[in-house]
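Taking it in order: structure first as structure tokens, then the write-up.
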Amino acid sequence: MDRNADAPWSKFDPEVYVDNNYRTPLEADLHIVRLLRDYFSRCFAGSAPALARGVDVGAGANLYPALSMLPWCEKVLLLEYAPPNIEYLKRQTAPGGLGTEWDAFWDVLTEAPAYRDVDPHSRVGEIVRVERANLFDLDGRRRWDIGTMFFVADSMSECPEEFQRGVRCFMEALADGAPFAVAFMKESVGYRVGEHRYPAYRVNEERARQALEPFTAELELHDLHHVVRPGHEGMILALGRRKEEIAAP
Ligand SMILES: C[S@@+](CC[C@H](N)C(=O)[O-])C[C@H]1O[C@@H](n2cnc3c(N)ncnc32)[C@H](O)[C@@H]1O
């Protein structure tokens with residue numbers, strides 16, 4: 001069974017990954033972006049703008065989770081493990097570096113009022129930062145007010161314990177009540193990026209719910225039936241809020 005440490009993360013090719021997944025926006029992702037936009041808009045309705053600290057874990061070569069958090073954040077941190085992806089993210093978040101391939105996702109976001117006054121090409125350079133981190137090292141010492149984790153806990157290992165641990169580490173990095181979005185490929189048997197193969201754990205709606213529910217105060221699961229390549233059966237999007245932790249007496 002392939003574990004996280006066995007996969008060739010240092011060979012992950014972000015340009016090939018973007019070509020495969022995001023350069024031509026897929027209906028599945030645009031649908032997810034609409035759901036994200038509406039959920040975060042509901043969560044932050046009436047709250048002061050731009051005060052939250054956001055995190056996207058395992059950001060890889062995907063900027064749309066970070067874009068979805070922009071209106072509410074004073075800072076967004078992209079945590080990533082693979083060195084080539086870190087370099088990609090640093091280029092995208094340098095002043096003026098955000099690629100036009102992300103415009104189609106931004107256009108969907110601006111259908112909600114909160115996004116309309118934000119210029120992503122300047123705001124990303126101002127407030128988004130990149131840091132190398134291993135998901136498994138998140139232990140609750142640093143916690144964020146809003147968080148996203150897209151296709152990471154399910155797409156990093158074949159091992160059920162590592163999936164559970166990945167979800168737990170992400171949830172423990174969220175402050176009490178923090179809104180979050182997590183996406184999994186459904187029933188994925190693994191995926192290729194260029195010449196290299198990466199492992200996956202077969203997540204279905206029940207496994208997603210079991211992993212997330214202990215940490216959540218509010219949870220909605222969207223079972224999306226879009227199949228974007230052979231070797232999976234759709235996508236699962238989880239939207240919710242982190243449960244408050246009861247302080248020890
Ligand atoms: C399928 S990609 C998803 C990337 C991106 N979030 C997206 O939505 O397309 C899986 C990502 O998990 C990252 N990853 C793998 N192991 C990790 C770990 N232990 N800690 C943090 N990120 C990890 C990979 O480098 C890669 O960027």
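A short reminder: the numbers here are calculations on the coordinates, not readings from a lab. Bear in mind that the values here come from a model prediction, so they are computed numbers and not experimental data. Every residue, glycine as well, gets a Cβ built from its backbone with ideal geometry; the counts of neighbours run over all protein chains shown.
Taking the DSSP bridge list for the chain and keeping only pairs wholly inside it, about 45 percent are antiparallel.
Counting lysine pairs in the chain whose alpha carbons fall under 26 angstrom apart, excluding pairs fewer than 8 residues apart on the same chain, gives 5.
In the chain, a dipole from Cβ-located charges (positive for Lys and Arg, negative for Asp and Glu) runs towards its positive end, and of ILE127, PRO8, ALA66 it is ILE127 whose Cα lies farthest in that direction. Per residue, the Cα convex hull of segment 4-242 amounts to 107 Å³.
Only DSSP H runs of four or more residues enter the estimate; each adds -39500 (n - 2.57), and after division by the residues of the chain the mean residue ellipticity at 222 nm equals -9500 deg cm²/dmol.
Within the shell of other residues whose beta carbon sits under 13 angstrom from the beta carbon of GLU213, the net charge comes to +2, with Lys and Arg scored +1 and Asp and Glu -1.
Centre-to-centre, using Cα atoms only, segment 231-246 and segment 8-49 are separated by 14 Å.
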